[in-house]
Amino acid sequence: AEATGNLTIRPNSIVSEIVYDKDSKKASSVRVIDRETREEIQFFARVIFCNASTIGTAAILLNSRSESFPNGLGNSSGELGHNIMDHHYGMGVAARVPGFEDRYSKGRKPGGFYIPRFRNIDEHTKRQDYVRGFGYQGGIKRGHNNPDGAFGKELKEGIFKPGPYYIYIVAFGEILPHHDNKMFLNFEKRDQYGMPTITFDAELRENELTMREDAVNCAVEMLEAAGCEDIESYNNVTAPGACIHEMGTARMGHDPKTSVLNKWNQMHEVPNVFVTDGACMTSSGTQNPSITYMALTARAVDYADRQIKEGKL
């Protein structure tokens with residue numbers, strides 16, 4: 001983009017809202033606040049991509065109020081800010097792997113691994129107590145040697161000898177798109193730039209909590225079968241957002257009454273505004289989502305380009 005000579009990067013710019021023109025029924029511009037001078041500046045554009053990350057995007061759209069959209073830009077459905085998802089984690093196992101202490105190798109080691117979702121894939125893996133599933137990320141590394149009761153020369157020499165191998169497995173589970181998991185703006189409490197602050201009302205629910213127990217139990221079972229020792233498990237419930245994979249808040253859908261965007265990431269009611277970050281997601285899956293956002297962005301840009309060339313935008 002920079003090589004074309006058409007890109008302008010403007011730092012210290014806080015987007016406050018997208019301005020809607022009721023005559024054209026399109027967005028006309030983006031209003032920003034200069035972080036240093038507090039000056040308000042308006043940038044006009046034919047097409048606007050709003051990708052401020054899931055929460056930031058929803059906040060901008062909710063703050064973009066007008067006579068046509070008093071509850072946020074393109075929010076006649078009332079779904080904007082709802083259906084917040086993330087991945088829930090903070091559950092897993094760790095254990096000692098016996099053996100292999102008589103050999104040592106230098107350099108980097110291929111110790112990381114990923115175990116894809118295996119629950120609720122088909123009839124053979126279907127669970128009765130929860131829907132969807134989880135994946136695992138993990139690794140194996142060699143620990144430090146800390147000889148008990150040693151001191152002086154014996155302790156010093158012992159510390160430099162590598163210890164046993166350890167394995168860890170961390171589960172990442174899917175959060176369902178509950179309508180009541182939401183964020184909204186507090187117009188009574190504003191930040192130093194005059195922007196309304198964000199309030200969250202979201203939590204893990206029964207499906208996620210049941211899934212967590214199964215994820216931990218499965219990981220323990222795997223390590224037991226592998227012959228690991230000193231297996232320790234944990235299940236520390238985290239709030240949505242802890243995994244930093246926020247999704248939802250402006251979901252795609254065929255029906256404008258129940259969604260904010262269409263299948264091209266284009267706002268149903270404001271056709272020249274696109275959202276291709278995590279806000280557009282309808283479900284969270286178990287995988288890290290960033291590459292999916294990149295694919296959706298490339299797809300939406302191609303669609304927007306064709307719409308412009310056809311004179312539809």
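The values are calculated or read from the model by the stated rules, or taken from the named source; none is laboratory data. For clarity, every value in this text was computed on a predicted model and none was experimentally measured. Quick reminder, even Gly has a Cβ in these numbers, built from the backbone with ideal geometry, and neighbours come from all protein chains shown.
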Within the range 148-198, count every residue that is small (Gly, Ala, Ser) and in a strand (DSSP E or B). 3
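Each row is one residue, and each column tells you yes or no for (1) under 25 Å from Phe69 (Cα atoms); (2) without any contact (Cβ under 8 Å) to a residue 12 or more places away in the chain; (3) surrounded by 15 or more Cβ atoms within 10 Å (Cβ to Cβ); (4) of a type in the set (D, E, K, R).
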site: Cys243; (1), (2), (3), (4): no, no, yes, no
site: Met247; (1), (2), (3), (4): yes, no, yes, no
site: Met252; (1), (2), (3), (4): yes, no, yes, no
site: Val260; (1), (2), (3), (4): yes, no, yes, no
site: Thr282; (1), (2), (3), (4): yes, no, no, no
site: Pro289; (1), (2), (3), (4): no, no, yes, no
site: Tyr293; (1), (2), (3), (4): no, no, yes, no
site: Glu310; (1), (2), (3), (4): no, yes, no, yes
Of these, Met267, Met211, Met222, Met281, which one is closer than 30 Å to Lys126 by Cβ, hydrophobic (A, V, I, L, M, F, W, C) and not assigned by TED's automatic domain parsing to the domain that holds Pro164? Met281
What are the residues in the range 1-48 that are in a loop (DSSP other than H, G, I, E, B) and hydroxyl-bearing (Ser, Thr, Tyr), if any? Thr8, Ser24, Thr37
So for the range 178-201 (the condition being surrounded by 15 or more Cβ atoms within 10 Å (Cβ to Cβ) and within 28 Å of Ala226 (Cα to Cα)), does at least one residue qualify? no
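Every residue, every condition in (1) assigned to a loop (DSSP other than H, G, I, E, B); (2) surrounded by 19 or more Cβ atoms within 10 Å (Cβ to Cβ), yes or no:
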residue: Arg65; (1), (2): yes, no
residue: Leu73; (1), (2): yes, yes
residue: Asn83; (1), (2): yes, yes
residue: Gly92; (1), (2): no, yes
residue: Asp122; (1), (2): yes, no
residue: Lys126; (1), (2): yes, no
Which one of Ile9, Ile84 is β-branched (Val, Ile, Thr) and at pLDDT 95 or above? Ile84
In the set Arg108, Arg117, the lone residue that is farther than 25 Å from Gly248 by Cβ and either surrounded by 13 or more Cβ atoms within 10 Å (Cβ to Cβ) or in the same structural domain as Ile231 (by TED's automatic domain parsing) (or both) is Arg108
